[in-house]
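Right, one structure below, let's go through it.
The values are calculated or read from the model by the stated rules, or taken from the named source; none is laboratory data. Computed from a predicted model, the values in this text were never measured in an experiment. Cβ: placed from backbone, ideal geometry, glycine included. Neighbour counts: every protein chain shown.
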Amino acid sequence: MELPKLKEIEFSPLAWKEWLRNGDKSELKSKVDVYKRLKELNRERHFEGWLGVSNKIRNGRIRRLLNGYTLFDLLDSCRSLKDMRFPMWRLFEDLVGEVLRCALINKEECSVVYVGERWPGFKGLDFIIINSKSDLGWKVGVQCKRYISNNLPYGKIEDYSPYTTGLTASRLYFHGKDLKHRFSHRRKMVLVTFTSYRIETNEKKRFNNLKEVWDSILVFDRNRSDHDPYIYKIDCPGLQRIVSWC
């Protein structure tokens, strides 16, 4: 498995702002710089086949965007990113917004709106997808998590920090349940994550339980092996269903 070719790489607006257009402060001023840095890492660490991206997405721009984010995720996992102004989770949110806008490009009545923490009425959501022809106003709510770690038990959630529990399947189960309670049952709640860790059977069960409270769970990196951390298998098979809900 190899890295995507240069022409198969694109970055979300915030990623461009963070690194590639940050003047002399950034070591990465272009896609070529990113590519060269990854090639250097490959030589330095002798990945020997443990470094690569397989992307099965047909939509060209979505494929390129996810390839671009994947390369930065790889740089981050190798501790090769410095002096970042935006955390990786914020860049992931920006990626998700761009993917949704691209997927909805032919739906003129739909708009993707970033709500984040600025709109208190939408606490717990990062995006809402507005439909100007719908009496609901908006039909789909989206929560982004860069990754989901499943290693905390339900009974010990209160013993951990809010940041830690916010990334667990245990907490996200209750979070999804709360969203369902607060918003109309006619609206769909979507959880989007880049990757999720499944190490033991119980942890896999917790992740599967999320399907009870979220209408869709979209995981971009389909690699399930903890032994090959630098191999990515990118796909988003549930995206068209989300588009149809909008």
- If you take the residues in segment 210-243 that are within 19 Å of Cys78 (Cα to Cα), more than 17 Å from the chain's Cα centre (by Cα) and charged (D, E, K, R), which one is modelled with the lowest pLDDT? Asp226
- Within segment 108-124, tally of residues that are surrounded by 15 or more Cβ atoms within 10 Å (Cβ to Cβ) and touching a helix residue (DSSP H, G or I) at 6+ places or on another chain (Cβ under 7 Å): 3
- Query: Is one or more of the residues making up segment 157-173 loosely packed, with under 14 Cβ neighbours inside 10 Å and modelled with pLDDT of 75 or more?
  - Reply: no
- For segment 65-81, indicate whether the set of residues that are at pLDDT below 75, in a loop (DSSP other than H, G, I, E, B) and surrounded by fewer than 17 Cβ atoms within 10 Å (Cβ to Cβ) is non-empty. no
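Please count how many residues of segment 229-246 are crowded, with 16+ Cβ neighbours inside 10 Å and not basic (Lys, Arg).
10
Rundown of residues vs (1) part of a strand (DSSP E or B); (2) in contact with a Gly (Cβ under 6 Å, 6 or more places away or on another chain); (3) at pLDDT below 90, yes/no style:
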site: Trp89; (1), (2), (3): no, no, yes
site: Phe92; (1), (2), (3): no, no, no
site: Leu100; (1), (2), (3): no, no, no
site: Gly116; (1), (2), (3): no, no, yes
site: Leu136; (1), (2), (3): no, no, yes
site: Lys145; (1), (2), (3): yes, no, no
site: Ile148; (1), (2), (3): yes, no, yes
